[in-house]
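First the structure, in the form of structure tokens, and then the observations on it.
Derivation of every value follows stated rules applied to the coordinates shown; laboratory data play no part. Computed from a predicted structure; not experimentally measured. FYI the Cβ positions are ideal-geometry reconstructions off the backbone, even for glycines, and counts take in every protein chain you see.
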Amino acid sequence: MTSHPPFRKVFNGLATRDDVRALRAHHDDLPPDQLLDGKCYAGEWFEIPQDLYDEALNTLPPLFMCSGMFAMTEFKRVDVTSVYFSIRMRARQRWFHGFCDLTDPRSPDAMRAAIIAHETGAVDSMTREEKLELIWNTTPDDYRGIAGESNPDAWPAQDSGKRTILMNGGAAGTILVLLEDLSDEQIAERLTGKGFPAVHTMGGRK
């Protein structure tokens, strides 16, 4: 099972070119065994000006690109690479750089959601129902489903048709739970990029 480290902002304000250079190397004095897989960088993000975003986009063909997001083909270490975000928040476009561990293919989308939540204060001001909607909307199809859709006998009749998502259950492994049954702790984990399962299993309740 894999788990992505908590997403964390590592620089306050708008990073200059020199700041970015330093942030991209600020763990490089660690012992080689701690640098080998790049996990020390994974999950870190900071805000950048538009010109640095545009420059990165034009440097090399991106590893992948979708609306407002692209990843660099040059990896920092092993599976950790730079992901750039263009996000419109409160009527203003802003740009961000983050390090994502692509052994978790969900991490770029989760980081984007974490950035928005952090920069808008959304998590603190949202109701439980709004948080559940955010989790549902930022969870990929392979990790969510409808109770009873594939196997009507796998869920109690009263739960049939309700929304479900996969979660890391620790020692219990991957578990499928009703979205509405998520605990406050599980909600916090999903909104900070943790709690994502490593496998795609859309079975019944475990």
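Laid out as a table, the results:
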| item | result |
| --- | --- |
| Contact order normalised by residue count of region 25-94, Cα under 8 Å, 6+ apart, percent | 28 |
| Given charges at beta-carbon only (K, R positive; D, E negative), |dipole| of region 67-110 in Debye | 380 |
| Additional length obtainable on full extension of the chain from residue 178 to residue 26, 0.36 nm per residue less Cα span | 50.6 nm |
| Amide proton proximity set for residue 101, modelled H, under 5 Å, gap of 5+ | 43 |
| Taking N as its residue count, the alpha carbon Rg of region 8-122 over 2.2 N^0.38 Å | 1.01 |
| Computed Rg/Rh of region 127-191, alpha carbon atoms with Kirkwood Rh | 0.96 |
| Spin-label model distance (nm) - residue 14 vs residue 54, 7 Å beyond Cα toward Cβ | 1.3 |
| Karplus-derived 3J(HN,Hα), 6.51/-1.76/1.60, for each residue of region 46-60, Hz, glycine and proline x | 7, 8, 10, x, 4, 5, 6, 4, 5, 5, 5, 5, 8, 6, 9 |
